[in-house]
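The values are calculated or read from the model by the stated rules, or taken from the named source; none is laboratory data. Quick caveat, the model's predicted, so the values are computed rather than measured. Here the Cβ is made from the backbone with ideal geometry for all residues, glycine too, and neighbour counts use every protein chain on show.
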Amino acid sequence: MGGLQHDAATSTWQFCTGSTVQTAGLGLVATVGTLVLASKTLSFIRALLSIFVLPGKSLRSFGPKGSWALITGASDGIGKEYALQIARQGFNLLLVSRTTSKLHALANEITAANSAVRVETVAMDFSKNDPQDYTRLTAALRGKDVSILINNVGQSHSIPVPFAETPAEERDAIITINCTGTLKVTQLVLPGMVERKRGLILTMGSFGGVFPTPLLATYSGSKAFLQQWSTALAGEVAQYGVTVHFVHSYLVTSAMSKVRRASALIPSPRSFVQTTLSKIGRTGGSQGYAYSGSPWWSHALMLYGAKNLTSLFGRLALKLNYDMHLGIRKAALRKAERERQKAEASKSA
């Protein structure tokens with residue numbers, strides 16, 4: 001009889017203990033789930049505030065009126081728009097790009113509209129990596145208080161292409177322009193910023209550096225490199241009062257993107273640059289990327305949503321990215337073939 005009572009008591013204790021453990025486990029899962037949900041909700045609220053409400057740092061906080069801004073890739077598209085808008089805020093400009101005639105035309109346009117602004121130009125082809133070009137740029141920088149550096153120069157592939165078929169000249173140019181050129185120019189300007197304990201280094205990135213992009217492998221890798229380099233640099237120089245900001249951008253109407261019509265998804269250079277300069281230091285949709293931001297609202301929402309989804313569906317996202325660029329490649333090849341046939345027909349006519 002005593003044994004039966006003991007067994008019953010043991011069973012009751014085991015049942016109660018099991019129920020307690022099960023309840024505690026469910027409570028822990030519920031707590032973790034609540035914390036994760038709260039974290040995601042707060043992250044999304046932060047993103048919305050950063051995109052639509054909170055202002056960025058003023059350009060004047062990086063240097064006084066009359067100090068200098070150096071802009072690479074300045075003669076067209078986004079770079080040209082940076083020059084026009086920064087000049088309106090009273091900064092002198094040192095414009096660096098490949099084509100002398102375009103640089104002179106832009107300099108004349110800026111000084112005609114802003115008589116107090118000084119504009120100097122240095123024509124150089126970053127793909128050449130010519131030491132003499134950097135010697136001339138160093139001489140042009142001498143004695144200047146450069147408070148803003150816009151690393152805008154860049155190159156992508158002419159059309160999407162498998163890495164194995166990428167022309168060597170194109171491959172090397174992308175790396176030399178996007179990576180080597182950006183680092184060398186920054187290294188020329190940075191010591192002065194550190195000495196003065198102020199300055200802005202803004203580097204243009206791309207969604208191609210966030211999401212691995214098949215058929216644009218070299219370009220995608222170059223932008224991913226710039227992301228890591230920019231963030232690491234920011235960690236080094238923040239203590240000296242120098243702000244480093246990396247811009248995540250999707251398509252903008254430009255010669256590089258080959259898109260001509262602006263839309264909510266693909267803004268004009270003017271709209272994009274205006275927003276970018278008003279959101280320096282704000283993350284937008286670039287949650288999880290230190291010292292980075294996606295200023296244009298639709299780009300920011302795309303990036304925020306895509307990063308949360310691709311963490312779950314990484315291979316699917318890669319396949320979709322591949323299929324999209326394969327379609328672009330096929331269309332470009334068909335166009336090239338039509339143009340070739342048209343040229344041959346003209347010769348034989």
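Applying a threshold of 6 Å to beta carbon distances and a minimum spacing of six or more residues, or different chains, the list of pairs starting in region 281-306 at a residue that is among the hydrophobic types (A, V, I, L, M, F, W, C) and ending at one that is surrounded by fewer than 20 Cβ atoms within 10 Å (Cβ to Cβ) reads Ala290/Thr231; Trp296/Thr275. Among residues of region 250-303 being among the β-branched types (Val, Ile, Thr) and surrounded by 16 or more Cβ atoms within 10 Å (Cβ to Cβ), the one that is nearest to Lys223 (Cα to Cα) is Val252. Screening region 65-75 for residues that are modelled with pLDDT of 95 or more and out of contact with any Leu (no Cβ under 9 Å at 6 or more places or on another chain) and picking the one that is farthest from Phe272 (Cα to Cα) gives Ser67. Within region 183-208, which residues are closer than 29 Å to Leu141 by Cβ, assigned to a helix (DSSP H, G or I), of a type outside the set (Lys, Arg) and in contact (Cβ under 8 Å) with a residue 24 or more places away in the chain? Answer for region 183-208, where residues must be closer than 29 Å to Leu141 by Cβ, assigned to a helix (DSSP H, G or I), of a type outside the set (Lys, Arg) and in contact (Cβ under 8 Å) with a residue 24 or more places away in the chain: Leu183, Val185, Thr186, Leu188, Val189, Leu190, Gly192, Met193, Val194.
Only a single criterion out of (1) polar (S, T, N, Q); (2) within 27 Å of Arg60 (Cα to Cα); (3) surrounded by 15 or more Cβ atoms within 10 Å (Cβ to Cβ) is not satisfied by Asn108, namely (3). Mind listing just one residue for me: the one in region 177-195 that is in contact with a Phe, Trp or Tyr (Cβ under 9 Å, 6 or more places away or on another chain) and surrounded by fewer than 19 Cβ atoms within 10 Å (Cβ to Cβ) and, of those, farthest from Ala74 (Cα to Cα)? Selected residue: Glu195. Scanning region 62-104 for residues that are out of contact with any Ser or Thr (no Cβ under 8 Å at 6 or more places or on another chain), assigned to a helix (DSSP H, G or I) and either free of Cβ contacts under 8 Å to residues at least 60 places away in the same chain or among the aliphatic types (A, V, I, L, M) (or both) returns Ala83, Leu84, Ile86, Ala87, Arg88, Ser101.
Filter region 62-94 down to residues that are small (Gly, Ala, Ser) and touching a Phe, Trp or Tyr at 6+ places or on another chain (Cβ under 9 Å) and give me whichever is surrounded by the fewest Cβ atoms within 10 Å (Cβ to Cβ).
Gly66
Among the numbered criteria (1) out of contact with any helix residue (DSSP H, G or I) (no Cβ under 6 Å at 6 or more places or on another chain); (2) of a type outside the set (Ser, Thr, Tyr); (3) touching a residue at least 24 places away in the same chain (Cβ under 8 Å), which one does Lys258 miss? It is condition (3) that Lys258 fails. When you scan region 165-173, do you find a residue that is surrounded by fewer than 22 Cβ atoms within 10 Å (Cβ to Cβ), among the polar types (S, T, N, Q) and not in a helix (DSSP H, G or I), even just one? The answer is yes, given that some residue of region 165-173 is surrounded by fewer than 22 Cβ atoms within 10 Å (Cβ to Cβ), among the polar types (S, T, N, Q) and not in a helix (DSSP H, G or I).
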